[in-house]
Amino acid sequence: MRIHTGWKEAVVVALSGVIFALASCGGGGIVISGLSRRAFVSDDADGSIHIEDAIRDEESAHTIGTGAQPGNLRLSPEKSFTLVFNAGSLTMSVIQNSTETVLESIVFPAVSTDYAMLPGDGVAFAVVPNSGTTPCIPRCVVMMSLATSNNASTFQITATISVDATGAALNAASTMALSPDGHKLLVFGAPGEHVDTLTFVDAVAAQSATPPPASATTQLGPANCGSLPASCFDRPVSAVFSSDSTKAFVFNCGPECAGTTPSVTVLDMTQSPPVPSANIPLPGAAATIGLLNGTTLYVAGSPPGLSCAAANPPTSATSCGTLLTIDTGTLAVSAPTIIANGLHSQMELASNNQLFIGARTCTNVSTASETRGCLTIFDTSGNKVVVPPVNFDVTGIAPILHRTVVYVIQGGDLKIYDTTTDALTAAQIDIVGKAVDVKYVDQ
């Protein structure tokens, strides 16, 4: 990664003026970069979004200026908007993808760690885990209006929703999972916060009144396990929803997060609050991230101290992670496959049935005979594992539609992989700065 910011900041400022001038003169719908298929890359170093030509694998001369230190990117379901939180300026930038402009920067009380937009592009939620500012003490979910009509827009925080149980220990809040229909929200603590609870937010009820009614949120924990094992909520850290929003599959981190039993808990989301309907133990494995493809649920994690003896191909790494599948119809669990270790937080299914799994704080290997890092590529049709020879954390993965390539942010650089070879492509894009996340923004 190279960091040359002075000239680029000047270009960003100049471009921002041109972009907003065009927008104010009726330039709606103008894609300033002139590209038909684009990937956005957030750059922590210079406060901008790079625009990549996702057909030619080239960087546009145009960038989108945001606030300081933009991080994770979140697309609206319709791909109309991109949200990015700027940690250095405590603002949320709302980017209109069709014009490549920042429509508004919403000021936040503290750093937001995760966010998502409801279908229809009108409402968004964001997690604020550590705030000393009223009314978001000490942690909350904020609700934002992204309403647009008659060429006028209203972008602002409209309400705060507490995620702390009254009279109980504080419940952590770091990440969220939003149902496809936009009606249900699950809020989780970070793996290092070691809590056995999660928060359910009824997104529909939350929008029914200002401030949102207390009944819009419910704490779920071991006391809600009913006839299931009390460990049905054992360090829950993330979840995925079924496509019809009727089920959520909660990933219980277990020993990887100083808990007891790794598992997946199935929540019946047709009830409000949701009710655990099944608990699937994962002996010898771990669960921090997953992806649902049809009736196959892929689950990855890193059991503490797991030997790499069963790795195929063999590796000199001293500790490894696991990947397994669950049949969501029968709840049958496959034997674990050995993959790279670390805190797995990224998973995307790409062309040629290749599953890309990214981790942070993995055991990077650099020896005379082997180099491997935090990215695992798993061939779901042939059960083949590839750990590419690129070190450092993976912070973003974006399969490029209609092509056999995947953009991966690793160690602050953009890497382009070919899903037919699982290797880096001949043409790579050199990001001048420090890349954080990447999203493909076109249909």
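Okay, here's what the table says:
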item	result
Restricting the stretch 210-251 to residues that are among the β-branched types (V, I, T) and farther than 19 Å from T328 by Cα, the residue that is surrounded by the fewest Cβ atoms within 10 Å (Cβ to Cβ)	T210
Residue in the stretch 319-329 that is more than 22 Å from T265 (Cβ to Cβ) and either part of a strand (DSSP E or B) or touching a Cys at 6+ places or on another chain (Cβ under 8 Å) (or both) present	yes
Considering residues of the stretch 119-141 that are modelled with pLDDT of 90 or more and either under 17 Å from T82 (Cα atoms) or of a type outside the set (A, V, I, L, M, F, W, C) (or both) only, the residue surrounded by the fewest Cβ atoms within 10 Å (Cβ to Cβ)	P119
Any hit, the stretch 252-266, residues being farther than 16 Å from N279 by Cα and surrounded by 24 or more Cβ atoms within 10 Å (Cβ to Cβ)	yes
Which listed residue, of A311, A287, is in contact with a helix residue (DSSP H, G or I) (Cβ under 9 Å, 6 or more places away or on another chain), buried (at least 16 other Cβ atoms within 10 Å of the Cβ), of a type in the set (A, V, I, L, M) and not in a strand (DSSP E or B)	A287
Test: residue in the stretch 424-435 that is surrounded by fewer than 22 Cβ atoms within 10 Å (Cβ to Cβ) and without any contact (Cβ under 8 Å) to a residue 40 or more places away in the chain	yes
Residue satisfying condition, being surrounded by fewer than 16 Cβ atoms within 10 Å (Cβ to Cβ), of a type in the set (S, T, Y) and farther than 27 Å from D268 by Cβ, within set S316, S302	S316
Residues (assigned to a loop (DSSP other than H, G, I, E, B) and among the charged types (D, E, K, R)) located in the stretch 240-264	D244
Any hit, the stretch 397-415, residues being at pLDDT below 95 and more than 17 Å from E348 (Cβ to Cβ)	no
The stretch 290-299 - residue that is farther than 22 Å from R360 by Cβ and hydroxyl-bearing (S, T, Y) and, of those, surrounded by the fewest Cβ atoms within 10 Å (Cβ to Cβ)	T295
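The values are calculated or read from the model by the stated rules, or taken from the named source; none is laboratory data. All values reported here derive from a predicted model rather than from experimental measurement. Quick reminder, even Gly has a Cβ in these numbers, built from the backbone with ideal geometry, and neighbours come from all protein chains shown.
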